[in-house]
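Each remark here refers to the structure printed beneath this line.
Please treat every number below as a calculation from the coordinates, not as lab data. The model shown is predicted, which means the values in this text are computed figures rather than measured ones. Please note: Cβ atoms are built from the backbone with ideal geometry, for glycine as well, and neighbour counts cover all protein chains shown.
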Amino acid sequence: MDHLISPSLLAADFANLGKDVLMVNRSQADWIHLDIMDGLFVPNISFGFPVIEAVKKISEKPMDVHLMIVDPDRYLTRFRDAGANILTVQYEACTHLQRTVTEIRNLGMKAGVALNPHTTVSLLKNILPFIDMVLIMTVNPGYGGQSFIMESYNKIEELRKMIDTGGHNVLIEVDGGIDTKNAAKLIGSGVNVLVAGNSVFSSDDPLNTIKRLKNLS
């Protein structure tokens, strides 16, 4: 499978959000990534349902929604109704993770599980049959523009081996410090989906940056 690109709106110009979404529509991006932060699970607040619903109205890409919130089970149906196609929850935020991801799938969405940098991938062994994607956070979640954590390569390779050995149909997504300099190595390590924020939206030519990320040599 060719790798996928999911530009992160956390790095977009919030005063011109519609313009940036339309740019992603014109690009070679596959998904559009939305980070939902509540100020509790992470020390930042991003955007909520009104913004997601507004983006959904104009986005031509599937909505890749990452919940960095406490007790996400309260809102699964609302995120589905707001337009999420892929819904990812944090491993560290879910007491009953298998129940949560099963409900996400029952609601008609793809289910993802995200791991913070300090969380080992071995903890996912028994949840892989119930999910569609694992999101490896390659920075500590909460803010854009952070430097990539190099130890992430080892986690990705370990996870890729777990998935392949078990015969699971699970994508690996990465988010944090992703750019045209490390994208090829990440794909080579076993990544399927690249989330890119600052490297896209701070670029002089975002369309070309997305094209370069999509068409790695």
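Per-residue 3J(HN,Hα) values for region 160-175, derived from phi via the Karplus relation 6.51 cos²θ - 1.76 cosθ + 1.60 with θ = phi - 60°, read 4, 5, 4, 5, 5, 5, x, x, 8, 9, 10, 7, 10, 10, 10, 8 Hz in sequence order (x marks Gly and Pro). Amide H contacts of A114: V89, Q90, Y91, L135, each under 5 Å away and 5 or more positions distant or on a separate chain (H built 1.01 Å from N in the peptide plane; Pro and chain starts excluded).
Ranked for footprinting exposure by Cβ neighbours inside 10 Å, fewest first, T88, T138, T119 give T119, T138, T88.
Entry note, the chain: the mean residue ellipticity at 222 nm calculated from DSSP H runs of n ≥ 4, each adding -39500 (n - 2.57), is -9500 deg cm²/dmol after division by the residues and rounding to the nearest 500. Straight-line reach from K56: taking Cα to Cα under 16 Å and skipping same-chain neighbours fewer than 8 places apart, the lysines in range are K19.
With the convex hull drawn around the C-alpha atoms of the chain, the volume per residue stands at 112 Å³.
When the GluC sites (Glu not before Pro) in region 42-98 are filtered for DSSP coil states and for at most 11 other beta-carbon atoms within 10 Å of their beta-carbon, the remaining sites are E60. Residue order for V51, V113, V139, fewest other beta carbons within 10 angstrom first, comes to V51, V139, V113.
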